[in-house]
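Just below is one structure, and these are the notes that go with it.
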Amino acid sequence: MAKYEGVSLSVVRRLPRYHRFLEDLLKAGVHRISSRELSSKMGLTASQIRQDLNCFGGFGQQGYGYNVPALHAEIGKILGLDQGLRAILVGAGNLGRAIATHMAFETKGFTLSAIFDSSPQVAGESVRGLTVLHTDEMERYCRAYHPDVAILCIPKEAAQQLAEKLVSWGVKAFWNFSHYDIAIEHQGIIVENVHLGDSLMTLCYRINNTVDGEK
């Protein structure tokens, strides 16, 4: 049974934002904050913040508010940022290289352990201190080192077939940038589909349909 069974995904998706804001407060030397003050910084209601945190037991004290270092650490534990899950990245093109180079995996709960590409010209290059391996070596690697997560930065047409293979090799989760909504018929497989274009089109809509007072 999951430790926090029944917590809605919408609440879970807000946790990284709490963690990020609390980290900024720590850097600014803030050690105590009320739910009202935190709500004004985050654009949420104080009630929403209390409801979200109460899903995990609540952490505030009446008349005191929240201890910023303690809450930051607790949310990090809830998210599992100390787990060091092993991740591989498939596709060392421009997007894959940018993610590999600039994403602080170690502070987000992961260790990037290998990078793969199907191009013989790319295999052998160094990215983030890792030698890019050819995708022909992926099955051997997965069976030997048991990565938890695959980051897919590959063409849409290749995503489903590759995902099926990775599942058969023991991969349990995907961070998917392939523009293909992976729907894997295997129990327990977790997929986070990332569509940067969708976010950009949402921005376009909001710019073109903004009314006074929208936040």
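Couple of notes before you dig in:
- Residue list for the stretch 1-52, filter: free of Cβ contacts under 8 Å to residues at least 24 places away in the same chain and in contact with a Gly (Cβ under 8 Å, 6 or more places away or on another chain): ARG50
Every residue, every condition in (1) surrounded by fewer than 13 Cβ atoms within 10 Å (Cβ to Cβ); (2) β-branched (Val, Ile, Thr); (3) closer than 30 Å to ARG128 by Cα, yes or no:
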residue: GLU37; (1), (2), (3): no, no, no
residue: LEU44; (1), (2), (3): no, no, no
residue: ILE49; (1), (2), (3): no, yes, no
residue: CYS55; (1), (2), (3): no, no, no
residue: ALA73; (1), (2), (3): no, no, yes
residue: ASP82; (1), (2), (3): yes, no, yes
residue: ALA87; (1), (2), (3): no, no, yes
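- Qualifying residue in the stretch 89-104 (condition: of a type outside the set (Val, Ile, Thr), in a loop (DSSP other than H, G, I, E, B) and in contact with a strand residue (DSSP E or B) (Cβ under 7 Å, 6 or more places away or on another chain)): yes
- Residues that are of a type in the set (A, V, I, L, M) and in contact with a Gly (Cβ under 9 Å, 6 or more places away or on another chain), drawn from the stretch 110-146: ILE115, VAL122, VAL127, VAL132, LEU133
- Residue in the stretch 100-117 that is over 30 Å from GLU23 (Cβ atoms) and out of contact with any Leu (no Cβ under 9 Å at 6 or more places or on another chain) present: no
- Odd one out for GLU106 among (1) more than 20 Å from the chain's Cα centre (by Cα); (2) surrounded by fewer than 19 Cβ atoms within 10 Å (Cβ to Cβ): (1)
- Residue within the stretch 188-200 that is without any contact (Cβ under 8 Å) to a residue 12 or more places away in the chain and more than 28 Å from GLY43 (Cα to Cα) present: no
- Any hit, the stretch 58-66, residues being part of a loop (DSSP other than H, G, I, E, B), at pLDDT 95 or above and among the hydrophobic types (A, V, I, L, M, F, W, C): no
- Of the residues contained in the stretch 106-122, one or more are found to be of a type outside the set (Ser, Thr, Tyr), within 26 Å of ALA173 (Cα to Cα) and assigned to a loop (DSSP other than H, G, I, E, B).
The values are calculated or read from the model by the stated rules, or taken from the named source; none is laboratory data. Everything numeric in this text was worked out from a predicted model, so none of it was measured. No Cβ is skipped: glycine too gets one built from the backbone with ideal geometry, and neighbour counts run over all protein chains shown.
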